[in-house]
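Peer 1: Quick one: the structure is below, questions incoming.
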Amino acid sequence: MTLARSEQAWRVAQQYLAGGVNSPVRAFRAVGGTPPFIARGAGARLFDLDGNEYIDYVCSWGALIAGHAHPDVVERLRRAVERGTSYGAPTELETALARRVVQLFPSIELVRFVNSGTEATMSAIRLARAATGRAKIVKFTGCYHGHADALLATAGSGLLTLGIPSSPGVPPGTAADTVSLPYNRLDVVEGVFSQAGEEIAAVIVEPVAGNMGVVPPAEGFLQGLREVTHRYGALLILDEVITGFRLAPGGAQELYGVQPDLTCLGKILGGGLPVGAYGGRRELMELLAPVGPVYQAGTLSGNPLAMEAGLATLELLRRPGAYERLEALSARLADGLRWAGEQAGVPVTLNRVGSMLTPFFTDGPVTSYESATRADTARYARFHQAMLRRGVYLAPSQFEALFLSLAHGEDEIDRTLEAAEEALREIVSS
Ligand code: KE4
């Protein structure tokens, strides 16, 4: 397998793009090696500039649940682009996709489309602060909600003490209002609310964490967040950018039966084109301009091409058996990876919820940020490289999720498990 053309493209990219990429994780720094430059995708496969073929488990970080270049998505986009690409004016397409979201998410009465998950969470937090008149936000360490300043904050020395910036460029004052708590620790959340509940505008949480690797919510955790936020007049924001439409048609809130005040969506919603959204009860959403005073806007928000790709993707998810297929294949992959780890004598803890999963290179359960970060990232890196050489494209970081699409079939799972058995045997001795 050669990566000669990707290596050349990588050299050129670094002359013009910061770090050669438009999002850091794509640079493969956590796993090493040259990132393959992709020429095209088809179904569950990616093809790089050198003609190497990969079974894709990144799926554009979860967005492509229908697989790459699905004919229905391509056809709708082809027809749409001939009518123009953006109008900056209302279209019925936006209404159609918003209506679909409202049908699928009972907690959402009104929707606002934006262009990324970051914009969705940033705007939802502004709305929560306006609705409550409070400033503090509670998030969870290891959860990622995009790169808005207020969310690039991590736990300060004490739990209640001011959040500290997790990136240069975030002013201490901005991070100060963000309290970052340990995921799955409802007791700690209760404690913080008992001390400062009246100051807290909202809790924002990934209902199934995907950004520390997959860490499911502990039994009662989400329900507990719902109860404590309600008790103190704070809002519950579920960041369903990953889980929305993936774990169930109505996302994690359908799966776990929790009704948030606001929901953030993205990825699948745009079918691979730039879309984010946030939504909730009418009384909250009508605080937004132009009805209310909370300002938020966007040149390309509700872009007709993105709306078409989202509508086509959600249509494909309505087909009978779609979620059952994702569940069955994901379960087989997870079981097979666990078995391969046991056979090779490599400790692997496999966390999975639906069609999002992570093999943690660690022994013992992974139920928190602390246990996730005990994983052997160097071993994951060797596994990633060994799988890439065998035509399997995994997330280039231990702390991400692997995603399946409707385009993955038995053959992809068989080939992935064959590659994993060989790769694990190879790394166990290194
Ligand atoms: P974007 O701004 O990247 O569209 O969405 C931010 C975001 C918000 N909420 C959750 C739960 C997310 O997972 C994300 C983005 N996810 C990452 C992958 N872990 C996107 C990949 C990347 O950063 O390149």
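Peer 1: Contact list please: Cβ distance under 8 Å, first residue in the range 129-154 and among the aromatic types (Phe, Trp, Tyr), second residue part of a loop (DSSP other than H, G, I, E, B), pairs at least six apart or on different chains.
Peer 2: Phe140/Tyr183; Phe140/Glu206; Tyr144/Glu206
Peer 1: Then there's this: Within the range 218-241, can you find the residues that are assigned to a loop (DSSP other than H, G, I, E, B), in contact (Cβ under 8 Å) with a residue 24 or more places away in the chain and surrounded by fewer than 24 Cβ atoms within 10 Å (Cβ to Cβ)?
Peer 2: Selection gives Ala218, Gly220, Gly233.
Peer 1: Just checking, how many residues over the range 50-79 are surrounded by fewer than 19 Cβ atoms within 10 Å (Cβ to Cβ) and touching a helix residue (DSSP H, G or I) at 6+ places or on another chain (Cβ under 6 Å)?
Peer 2: 2
Peer 1: Looking for whichever is in the same structural domain as Leu255 (by TED's automatic domain parsing), buried (at least 17 other Cβ atoms within 10 Å of the Cβ) and either at pLDDT below 95 or of a type in the set (Lys, Arg) (or both) here; the options are Gly163, Gly210, Gly146. Which one fits?
Peer 2: Gly163
Peer 1: With the requirement that a residue be in contact with a Leu (Cβ under 6 Å, 6 or more places away or on another chain) and part of a helix (DSSP H, G or I), what does the range 254-277 give you?
Peer 2: Of everything in the range 254-277, those that are in contact with a Leu (Cβ under 6 Å, 6 or more places away or on another chain) and part of a helix (DSSP H, G or I) turn out to be Leu255, Tyr256.
Peer 1: Right, another one. What about Gly224, is it more than 26 Å from the chain's Cα centre (by Cα) and either assigned by TED's automatic domain parsing to the domain that holds Pro359 or over 17 Å from Val366 (Cα atoms) (or both)?
Peer 2: So Gly224 does not fit the description; no.
Peer 1: Going through Ser167, Ser180 one at a time, which residue ends up being within 16 Å of the ligand (Cβ to nearest atom), assigned to a loop (DSSP other than H, G, I, E, B) and under 24 Å from Glu370 (Cβ atoms)?
Peer 2: On the way: Ser180 fails: assigned to a loop (DSSP other than H, G, I, E, B).
Residue meeting the stated conditions: Ser167.
Peer 1: Does the range 38-68 hold any residues that are away from the ligand (no atom under 16 Å from the Cβ) and either closer than 18 Å to Tyr323 by Cβ or of a type in the set (Phe, Trp, Tyr) (or both), and which are they?
Peer 2: Scanning the range 38-68 gives Ala44, Phe47, Tyr54, Ala66, Gly67.
Peer 1: Looking at the range 119-143 only, could you name the residues that are farther than 19 Å from Ala252 by Cα and in a helix (DSSP H, G or I)? Walk me through how you get there before you give the answer.
Peer 2: In the first step, residues of the range 119-143 are kept if they are farther than 19 Å from Ala252 by Cα; the result is 119, 122-123, 125-138, 141.
Once the filter is applied, which keeps residues that are farther than 19 Å from Ala252 by Cα and in a helix (DSSP H, G or I), the range 119-143 yields Glu119, Met122, Ser123, Ile125, Arg126, Leu127, Ala128, Arg129, Ala130, Ala131, Thr132.
Peer 1: Select, from Ala395, Ala309, Ala386, the only residue that is touching a Phe, Trp or Tyr at 6+ places or on another chain (Cβ under 9 Å) and either part of a helix (DSSP H, G or I) or within 16 Å of the ligand (Cβ to nearest atom) (or both).
Peer 2: Going through Ala395, Ala309, Ala386 in turn, just one is touching a Phe, Trp or Tyr at 6+ places or on another chain (Cβ under 9 Å) and either part of a helix (DSSP H, G or I) or within 16 Å of the ligand (Cβ to nearest atom) (or both): Ala395.
Peer 1: Given the conditions (1) more than 30 Å from Ala334 (Cα to Cα); (2) more than 13 Å from the ligand (Cβ to nearest atom), which single one is not true for Ser123?
Peer 2: Against the list (1) more than 30 Å from Ala334 (Cα to Cα); (2) more than 13 Å from the ligand (Cβ to nearest atom), Ser123 comes up short only on (2).
Peer 1: Same structure again: Just for the range 195-251: of the residues that are aliphatic (A, V, I, L, M) and over 22 Å from Leu127 (Cα atoms), which one is farthest from the ligand (Cβ to nearest atom)? Step through it out loud before you land on a result.
Peer 2: Filtering the range 195-251 down to residues aliphatic (A, V, I, L, M) leaves 196, 200-205, 208-209, 212, 214-215, 218, 222, 225, 228, 234-238, 241-242, 247-248.
Remaining after also requiring over 22 Å from Leu127 (Cα atoms): 208-209, 212, 214-215, 218, 247-248.
Details: Val208: 9, Ala209: 8, Met212: 10, Val214: 11, Val215: 12, Ala218: 18, Leu247: 12, Ala248: 16 Å.
Looking at the filtered set, the residue picked out is Ala218.
Peer 1: List every residue pair whose Cβ atoms sit under 8 Å apart, with the two residues 6 or more apart in sequence or on different chains, where the first one lies in the range 91-104 and is in the same structural domain as Phe245 (by TED's automatic domain parsing) and more than 14 Å from Thr313 (Cα to Cα) and the second, anywhere, is at pLDDT below 95 and not polar (S, T, N, Q).
Peer 2: Close Cβ pairs satisfying both conditions: none exist.
Peer 1: For Ser23, all conditions in the list (1) within 14 Å of the ligand (Cβ to nearest atom); (2) crowded, with 17+ Cβ neighbours inside 10 Å; (3) over 19 Å from Arg5 (Cβ atoms) hold save one; what is the number of the exception?
Peer 2: Of everything listed in (1) within 14 Å of the ligand (Cβ to nearest atom); (2) crowded, with 17+ Cβ neighbours inside 10 Å; (3) over 19 Å from Arg5 (Cβ atoms), Ser23 misses just condition (2).
Peer 1: I'd like the residue in the range 8-20 that is surrounded by fewer than 17 Cβ atoms within 10 Å (Cβ to Cβ) and more than 16 Å from the ligand (Cβ to nearest atom) and, out of all such residues, is farthest from Ile65 (Cα to Cα). Reasoning before the result, please.
Peer 2: First pass over the range 8-20, keeping only residues surrounded by fewer than 17 Cβ atoms within 10 Å (Cβ to Cβ): 8, 11-12, 14-19.
With more than 16 Å from the ligand (Cβ to nearest atom) added as a condition, the list becomes 8, 11-12, 14-16.
Working: Gln8: 31, Arg11: 31, Val12: 31, Gln14: 30, Gln15: 33, Tyr16: 31 Å.
Checking each candidate, the answer is Gln15.
Peer 1: Look at the range 278-288 and say how many of its residues are more than 13 Å from the ligand (Cβ to nearest atom), within 16 Å of Glu119 (Cα to Cα) and not in a helix (DSSP H, G or I).
Peer 2: Residues that pass the stated criteria total 3.
The values are calculated or read from the model by the stated rules, or taken from the named source; none is laboratory data. Since the structure is predicted, the reported quantities are computational estimates derived from the model, not experimental observations. Using ideal geometry, Cβ is built from the backbone for each residue, glycine included, and neighbour counts are taken over all protein chains shown.
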